[in-house]
Amino acid sequence: MAVASAAPGSTFSKQLLFSLLTLILSCDACQKISLQVPSHLKAETHVGKVNLDECLKSPSLILSSDPAFRILEDGTIYTTHDLLLSSEQKRFSIFLLDSQRQEQKEVEVVLSAREKKVFRKRHTKDPVPKRSKRRWAPIPCSLMENSLGPFPQHVQQIQSDAAQNYTIFYSLSGPGVDKEPHNLFFIEKDTGDIYCTRSIDREQYDQFEVYGYATTVDGYAPDYPLPLLFKVEDDNDNAPYFENKVTVFSVPENCRTGTSVGQVTAIDNDEPGTLHTLLKFKILQQIPDHPRHFTIHPDTGVISTTSPLLDREKRGCPGLQKCDTYQLVMEVRDMGGQPFGLFTTGTITISLEDENDNPPYFTQTSYTTEVEENRIDVEILRMMVQDQDLPNTPHSKAVYTILQGNENGNFKITTDPNTNEGVLCVVKSLNYEVNHQVILQIGVLNEAQFSKVANGQTPTMCTTTVTVKIKDSDEGPECQPPVKTIQSKDGLPAGQELLGYKAIDPEKSSSEGIRYQKVGDEDNWFEINERTGNLKTLKILDRESKFVKNNQYNISVVAMDAAGRSCTGTLVVLLEDFNDHPPQIDKDVTICQHEKDYAVLEPVDLDGPDNGPPFEFFLDNSASKLWTLEPQDGRRAFLRQRHNLNYNYYSVPIQIQDRHGYSAKHVLSVRVCDCTIPSECRMSAKEERDVKPNVILGKWAILSMVLGSALLLCILFTCFCVTTSKRTVKKCFPDDVAQQNLIVSNTEGPGEEVTEANIRLPTQTSNICDTSMSVGTLGGQGTKTQQNFEMVKGGYTLESSKGGVLGAADAGRYGYTDWQSFTQPRLGEKVYLCGQDEEHKHCEDYVRSYNYEGKGSMAGSVGCCSDRQEEEGLEFLDHLEPKFRTLAKTCVKK
């Protein structure tokens, strides 16, 4: 779109007037616009704005019929010089031309000078004007960004209908007036003209929403506040810039044409959706510039490849050994890329990612090396390779492989991680007498797989040849094979000779001069001949020995030459099985009646399978009345009861025979029990006594019983002598008995404090002792009473169940000798009666079974007055009531 304006009298003005006359004669009237302006207009004064799109969209030429006015693209009208309008209206036309569609339009503009207001006050008698329901319509208005002035610049005029009858004052409020940015706009209160005081940056304020007010002299508002929107039209004052200052992209080498590399982005702070922000991208330069490999989409900024020949390892780039990096100088320009648009340049870097498109190759086509025979774990050669791919990556790290010549596993090749060299080593000894040299073929690859190059081919493996010469050396004997097996019969007696181990001297190809020594013989079965290496048995060979594994017995032999060089071999003696062991069985058998009425017999034969099962089972005639024997699968049998037997032990003789008739007799001890599993079987004491096993005592057992009986008689005799001697003792307790016994008291009243005066010593001790020696009688009355014995420290008391203490209250304490003299005769009598009675009924008087009565109390035993060596567990005595403390002091030694 072009806006034409020129000074009168110039050549261009004449041509313009000629074009204007032509346009006037041929154009059609479109619309008529009326504007009210001040009577005096200065140069570059904003007159108003016409909506040109209503007449003709996108005109290519805009002309004004009056050179005093110029028209902008958006229809804004400005004065070109100062004007003074008379009372009459001033008219001029705006001509619009579309050269492509050959259309012309005319817009008529009528300017009217405003009348000067006469201030008129509203009197109180005048009727109050009512607010009009009709809103005073705002005139569309826009401001140009970065306007050059002159300032103040007229923006718009507002008028109220109430101004026809009253004097109206106008005012503004809002952003740009009384809010940030302050004082950008002001209004003439008499005329309603709005002015802008300075230029505006649209990127800071893109529009202003203000309110206009109309009030009378006395402050009455006849109209509602008028909202005004001042939009700031964008000026292309911001050049676009790249979003990232440093941009680096990467793309695989040898990629296809059209592969996307990356996208560059730019930012323009001008108004979006306009030509000011319509950006175009362009590549200005590629470094290196030949050949061109990249292109960019002008609208999206996407960079893509234009050639499949991106080779990172290619040589010839200026100043570079390899073309692995490219730099692109980019430009971004607004205004759709037009030359007058603003622009910015930048540089991006494109790095080529390495692909494994170059195989490693040896620096030599063949290698030669040498090594002495019998050397192991020795490095014999290093091979260097070269690879153009990126160093220290899987694309360049070498992997070496021995392709041929290493069938015996004598060599190993590895990669040195620091130098990438191939290191060839000998891991298994070489023999000069077998081969004088070995030829190896070695290949090399990379850790990563090869990728296809631009021509679609895949690199192949590089190979080389290595000749290894073996140097001869004087070596010791050879033990070949390392393990030798010989056979022998099971049970071979001592003194028999077997063929031993033979070693060979490789230099002589014979065993001459070699000496042998045994270094391993677990059970010392053999001795070895030092010159021949043959074996001689020292013991009977037993296949069932714990030193024999899988019928084999191992012997380690060292062969040594005259120079002291040696080798070690193993001689395996394979023992042929001999049927020298009958079947064996566990003789303790349990039958649980609740589960089943039979027991499973599973014998074991230590011989081999050829001399073992199937077994045959035979039951002795003496046991056939109670038992039956049922063979099952040749390996086991069921021992079954003919009828339910009592819970007891039974002896069952049987015979078991292997497949060759070698047998043995066994007497089974069968326990019939009331249980579900054998481990739960618990027979009563009576059942255990009723079992009468057939036991034959040996001479040592009989001698032990005799000595034990003699010892028991000695003990009884000693006790009898001690008891007899104690009868003559006049004193039944020691002198300090008063300090060791407690007073017998039957009172329940408050006790007395225990002192030495309270302890009464017994009198007539001899009578008391005589009374205590009577058996079951008291005072000659002949009445049998139950005697209770209460042990106290240092003595005992006898109490009658029929009342009272024997003799007197003070006659209840005796010494240990009196207790012994009382118990020994009775114990001797009981022992004698138990020996005479086979059923041992008298033992029931003394032998009592103790039952579990639960856990003990916190206080422990009540026998606090017993003769204890340690006073543990008596802490509870520290917390007794006062009444018990005296008793506690008496019981416990302090």
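The values are calculated or read from the model by the stated rules, or taken from the named source; none is laboratory data. Since the structure is predicted, the reported quantities are computational estimates derived from the model, not experimental observations. Heads up, the Cβs are rebuilt from the backbone with ideal geometry, glycines too, and the neighbour counts pull from every protein chain shown. These area figures cover heavy atoms from the full protein model, side chains too; ligands, DNA and RNA do not enter into them. Shrake-Rupley method; radii C 1.70, N 1.55, O 1.52, S 1.80 Å.
With all pairs of different alpha carbon atoms counted, what Kirkwood hydrodynamic radius in Å does the range 337-479 show? Provide the component values of the computation, followed by the final result.
Details: mean 1/r = 0.0553 Å⁻¹.
Final number for the Kirkwood radius of the range 337-479 is 18.1 Å.
Less than 5 angstrom separates the built amide H of Q496 from those of T537, all sequence-distant by 5 or more or on a different chain.
Could you tell me how far the Cα centroid of the range 589-625 sits from the Cα centroid of the range 536-559, in Å? Using only Cα atoms to place each centre, the spacing works out to 33 Å.
In this structure the range 184-283 gives 51 Å² per residue of accessible area when probed at 1.4 Å with all protein chains present. With a cut-off of 14 Å between beta carbons, the residues surrounding P152 carry a summed charge of -1, where Lys and Arg count +1 and Asp and Glu -1.
Of K471/K502; K428/K469; K412/K469, which pairs sit farther than 24 Å apart, going by alpha carbon to alpha carbon? Let's see the in-between values first.
Working: K471/K502 27 Å; K428/K469 15 Å; K412/K469 16 Å.
Pairs exceeding 24 Å: K471/K502.
Peptides 704-717, 519-532 ranked from most to least packed give 519-532, 704-717, packing being the mean of other C-beta atoms within 10 angstrom over each peptide's residues. Taking 18 Å as the limit for the C-alpha separation, the pairs K549/K587; K49/K231; K546/K665; K587/K625 exceed it in the case of K549/K587; K546/K665; K587/K625.
How much area per residue is accessible in the range 406-506 when the probe is 1.4 Å and only protein heavy atoms are counted (Å²)? The partial results should precede the final answer.
On the way: 5510 Å² over 101 residues.
For the range 406-506, the per-residue accessible area is 55 Å².
Summary value for the range 390-494: 26 percent relative contact order, contacts being C-alpha pairs under 8 angstrom separated by 6+ residues.
In percent, how large is the relative contact order of the range 600-646, given Cα pairs closer than 8 Å and 6 or more residues apart? Mind showing how you got there, number by number?
Numbers: 55 pairs, mean separation 18.5, N = 47.
Dividing the mean separation by the residue count of the range 600-646 yields 39 percent.
Counting Lys and Arg as +1 and Asp and Glu as -1 over every other residue whose Cβ lies under 14 Å from the Cβ of F208, the net charge comes to -3. All other residues whose Cβ lies under 11 angstrom from that of L52 are scored, Lys and Arg at +1 and Asp and Glu at -1, for a net of -1.
Toward the positive end of the charge dipole of the range 564-649, about the Cα centre and with charges on Cβ (Lys, Arg +1; Asp, Glu -1), which of L619, I591, N579 goes farthest? Farthest towards the positive pole: I591.
Remark: accessible surface ordering of K665, K90, K428 (largest first) is K665, K428, K90, probe radius 1.4 Å.
Leaving out ligands and nucleic acids, and using a 1.4 Å probe, what accessible area per residue does the range 51-117 come to in Å²?
Working: 3520 Å² over 67 residues.
Result: 53 Å² of accessible area for each residue.
How much of the accessible area of the range 351-401, in percent, comes from carbon and sulfur atoms when a 1.4 Å probe is used?
Numbers: 1210 of 2710 Å².
Using a 1.4 Å probe with all protein chains present, the range 351-401 comes out at 45 percent carbon and sulfur.
Sorted on the mean count of surrounding Cβ atoms within 10 Å across their residues, most packed first, peptides 478-484, 329-335 read 329-335, 478-484.
Just the protein heavy atoms count here, and of the accessible area of the range 160-264 at 1.4 Å, carbon and sulfur take up 46 percent.
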